[in-house]
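Presented below is the structure to which this report refers.
FYI, it's all coordinate maths here, none of it is from the lab. What you see is a predicted model, and the numbers here were worked out from it, not measured in a lab. Ideal geometry is used to build each Cβ from the backbone, glycine not excepted, and the neighbour counts take in all protein chains shown.
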Amino acid sequence: MAAIESPEAVGVRPFHEFDEANATWPRGDRLAAIRTASDEFRRRFKGQGQIRGVRTVDLVSAGYPTRYAFGGAARGNPNPYLSILNRLVVVQFDDFEGQPKTLCWEPTVPEGSSEAPFYAQLIERFGERLSKTVLSTEFNSVAGALALCGLAPEDIDFVSFDHLHVQDMRILMGTYRPVEGEREPRPPFFPNAKFLLQRKEVDTFRSPHPMQWAWYVPGGMDHVIEDRLVLLDGDVELGAGVALAWTPGHTDGNQSLVLSTPDGVWVTSENGVAADNWHPHLSKIPGLRKEAEFMGREVILNSNTLEDSIDQYDSMVKEKALADPNRADPRWLNVFPSSELPAWRRHWPIMPSYTYGGMSYGTISAPQRG
């Protein structure tokens, strides 16, 4: 049961507009190259057509340290923890053969996330009841979120994440051996889906460095069924209006979902947790604008890991350069955090200056399978 080494085998196409920019040295010259490559790719990408539809559904909120959310730049919050809201993103599109496909992005299962060392230690410190009522709230299960879109797990063709922090892939991919303490192997939650993951992210999950350890579920890739795992080595397109752009830095295998919609190009990842991360010059969060101005930076990193902060900075610039202006307020670009800081009263004064709140375009319908 070997992983699929060639994405072309499942109809996924690598693209190469960013190859030269990625190789640009010194790093100070790279940002201009990224912007040029983004313009070239976006023109071609938008010319290929738009997605059929996209829906987002709230899954679960999770406690998250304020000092990580805004790289230590946010000031004045007496609560050391904010809540970030994870949303399932369901995308339907035509592949390069003209066949309709469905992508499920960020199907987070809280039972697996609680096993990541960071959250396991929070539960031990604060107790399970407090952790699951204050630090975490589940709004929908993955199955329930799909049902709200009129879909079932077997309707999904592709599954992907921006990165694999706090994910237990044994739950989603299934196992060929029983997990310790269980009698039978786990069946795959998505029985027909291909899992599109960057090779570097899979490698990191299986052998994390101590600087990465707290955020990966121990054993979360052990004995998974690999014959539907597609290993990616950079930027790829799935079909009309859907791409995965490699955006390393937050993790080595971080990637961003890029969608062409009636309101232009959207990009989503967890390089930031709020629009303020990508637009600190517009931010009303205490400290962010002053930090960006003092340090001469155009973005503020989400920094629970800093595998390469310069790469993450460049990746956030890439995301901004790919995205179109938001139709509701063109000052803000369509860069949507995969786990977004909601404007909840208890977060004050760390309130997002602009909230995207999800995406909804076109129609989502159950596929007809033979």
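Data table
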{"item": "Chymotrypsin sites (Phe, Trp or Tyr not before Pro) lying in DSSP loop within region 160-255, provided at most 15 other Cβ fall within 10 Å", "result": "Tyr176"}
{"item": "Prolate/oblate/rounded call for region 167-209, Cα gyration tensor, a/c under 1.5 rounded", "result": "oblate"}
{"item": "Choice from Gln312, Gln167, Gln121 showing the highest fluctuation, given a GNM over the chain with Cα pairs closer than 10 Å", "result": "Gln121"}
{"item": "Cβ-derived FRET efficiency at R0 45 Å, Thr36 paired with Trp348, nearest 0.05", "result": "0.65"}
{"item": "Computed FRET value (nearest 0.05) for Ala143 with Asp222, which takes r as the C-beta separation and R₀ as 22 Å", "result": "0.40"}
{"item": "Segment Arg27-Glu111, length gained on full extension (0.36 nm per residue, minus Cα span)", "result": "26.2 nm"}
{"item": "Contour minus Cα-Cα distance for Asn79 and Phe15 (0.36 nm per residue)", "result": "18.7 nm"}
{"item": "Max mean-square fluctuation residue, GNM over the chain, Cα-Cα springs under 10 Å, options Ala69, Ala243, Ala152", "result": "Ala152"}
{"item": "Candidates Asp157, Asp95, Asp227, ranked by Gaussian network fluctuation over the chain, Cα under 10 Å, top entry", "result": "Asp227"}
{"item": "Calculated SAXS-style log₁₀ I(q)/I(0) at q = 0.11, 0.13 Å⁻¹ - the chain, Debye, Cα scatterers", "result": "-0.73, -1.05"}
{"item": "Counting DSSP beta bridges with both ends in region 124-240, the antiparallel % (nearest 5)", "result": "20 percent"}
{"item": "Cut-off of 10 Å, at most 15 other beta carbons, DSSP loop: longest stretch of the chain lacking such GluC sites (Glu not before Pro)", "result": "183-297"}
{"item": "Charge dipole of region 12-111 about the Cα centre (unit charges at C-beta), most positive-ward option of Ala37, Pro14, Cys104", "result": "Ala37"}
